[in-house]
Amino acid sequence: MKKAITIILLLFLTIHLHSQELVKFPYKTTLKDIHGKSFLSSNLTNNNSPIILEYWASYCKPCISKLNELSKKYDKWKDKYNVKIIVVSIDKGKHIKDALTIIKKNNWPFEFYFDSDLTLLSKLSQFKFVPQSFIFDKKMRKVKSFKGVKYKNPPSNYLDVTNLKVDLYRYKKILKKASK
């Protein structure tokens, strides 16, 4: 009887693990992690879940505003959609230090990488500006991209946009579909 139960458990575990197979990111370029080590983008995995790939720069106030809003939603979205948010900076040179300072100051809960030469961004979009967002479904198919920021209440003065509420409703709609 113990043998039969063990075999059934092993069979169930094998089926379960196979259904949770990791799907690799479809674009292969070299990024840098926050420690300056090279990392192949094709090694990004999603554990059978949607991914939001968020592009930003340290000098982009709307980007920082957007990351702050995403940070507030992240735990809820992880629970509801099992989403993973990966943030990629286009900073280079001395701006990398600025980006690291901002990341540390805000204590954002995301994975961070640098695409300083815009190699990955060039494969994802014809536009080379930030902020840009790309949503991938659980099979790592790009299902949506957003350029720029959509505000709940647009500012009258675009010079100070750091603390504005970013409208993330459009993300939620796409994540519902991407997580199925």
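Brief remarks follow.
- Taking region 29-47 as the range and being of a type in the set (Ser, Thr, Tyr) and surrounded by fewer than 19 Cβ atoms within 10 Å (Cβ to Cβ) as the test, the residues that pass are Thr29, Thr30, Ser38, Ser42, Thr45.
- Residues in region 76-103 that are out of contact with any Phe, Trp or Tyr (no Cβ under 9 Å at 6 or more places or on another chain) and of a type in the set (Gly, Ala, Ser): Gly93 alone.
- Residue count for region 53-85 under the criterion of being under 22 Å from Met140 (Cβ atoms) and buried (at least 20 other Cβ atoms within 10 Å of the Cβ): the result is 10.
- Ala99 falls short on exactly one of the conditions (1) part of a helix (DSSP H, G or I); (2) among the small types (Gly, Ala, Ser); (3) at pLDDT below 95, and that condition is (3).
- For region 72-83, residues that are more than 21 Å from Ile102 (Cβ to Cβ) and not aliphatic (A, V, I, L, M) total 7.
- A count restricted to region 29-71 and to residues that are among the aromatic types (Phe, Trp, Tyr) and touching an Asp or Glu at 6+ places or on another chain (Cβ under 6 Å) stands at 1.
- Unique match (being over 15 Å from Phe134 (Cα atoms), under 12 Å from the mean Cα position of the chain (by Cα) and either of a type outside the set (A, V, I, L, M) or crowded, with 19+ Cβ neighbours inside 10 Å (or both)) among Pro109, Pro50: Pro109
The values are calculated or read from the model by the stated rules, or taken from the named source; none is laboratory data. Here the structure is a predicted model, which is why all the values come from computation and not from measurement. Every residue, glycine among them, receives a Cβ derived from its backbone with ideal geometry; neighbour counts consider all protein chains shown.
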